[in-house]
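Okay, structure first, notes after.
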Amino acid sequence: MATEASSSSPSTNTTISRSATSQTIMAAYNPVMNVPLTIHAFPSLEPVALEHWSVEHLYLPLRRDILQHAVVYEGDNTRQGTASTKNRYEVHGSHRKMRPQKGSGKSRMGTRQSPLLRGGGKTFGPRPRDFGTRLNRKEYDKAWRTALSYRYRRGELLVCEDGMDLPLPEDFLNVPAKFLKDGLREAYVARYMKGVLDSLGLGRPDGRTLFVTGDRRETLYSAMEEISEEGRALEYEDVDVKDLLEEGKVVMERAVLKEMIEAHQSDLVANIVVNGFAHSGPPVGKEVLGV
């Protein structure tokens, strides 16, 4: 009896240890489904709310290949393709042979439109054409969220409340318009905006900043146009993947981020209906704490 007990003991211990290891692994496997996102007030950047966003929206791994495909796709589709030259059949002038084939002691020559002569047609010159390329929509949508995730992980994505604009000091607003002529107003707004950027760490020394709003905000946009070396401001319709990757930091409104995610999550939405329901993708932002 003692011998049987001792012979079965190692096997039993091995089974128990494997079971404990499996339980430990399963207990440790607690995948993170959401990441926190702080909503700020502008221009103070004081936290006003905390939200949870899906990792599929703001925490995707870096895929340089997908980003490269998206940037090339956008660049190809923005090319005008209007370059054009005339070939020898389109150049103005007579198409008569310039001199006889033989007897002149010179080389053979055809018409004045020959590409060998000055003013002649262009051989294999550019012609108007469409440079546009195609890209799978799901890959392009994932590139958008990959670019946002890249900015989020580096702490370079700042989300602010809706209606983001540059509030000017009351003392400046009370100055009569007749004293703000000859570019004085534009110079003051530009200087004030540069001071705001420097105080927030958004100026040129920290990398240029991209502001994205739902529509044009006159004060903010005019100020950034005066100090274009510090960054730029764009409406949502004018932003693409390259813009999200080009600047040092990205500051956008919450509504813009929500619209951007909802418009670029086709790879997360299923078209198959099961039991009357179709998978609509992860929820877009959920507020967990507000000030």
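Readers should treat all values here as calculations from the given coordinates under stated rules, not as data from a laboratory. Here the structure is a predicted model, which means the values were calculated and not measured. Neighbour counts run over all protein chains shown; Cβ positions are idealised from the backbone, glycine included.
A few remarks follow.
- Taking amide H positions as modeled 1.01 Å from N, with prolines and chain starts lacking one, no residue 5 or more places away or on another chain lies under 5 Å from GLN265.
- Neighbours of VAL159, meaning other residues whose beta-carbon lies under 9 angstrom from its beta-carbon, give a summed charge of -2 when Lys and Arg score +1 and Asp and Glu score -1.
- Summarising the label geometry, the points placed 7 Å from Cα in the beta-carbon direction at GLN68 and ARG204 lie 3.2 nm from one another.
- Residues listed by number, the stretch 59-90, amide nitrogen under 15 Å from SER114 label point at 7 Å toward C-beta: 88-89
- With K and R counted +1 and D and E -1, the other residues having a Cβ less than 10 Å from that of ASP76 yield a net charge of 0.
- Amide proton proximity set for LEU50, modelled H, under 5 Å, gap of 5+: ILE39, VAL288, LEU289, GLY290
- The lysine pair tally for the stretch 187-289, using Cα distances under 21 Å and a gap of 8 or more places or different chains, is 4.
- Global form of the stretch 42-194, assessed from the alpha-carbon gyration tensor, a/c cut-off 1.5: oblate
- Net charge dipole, the stretch 114-241: roughly 1040 debye, given to the nearest 20, about the Cα centre with Cβ charges of +1 for Lys and Arg and -1 for Asp and Glu.
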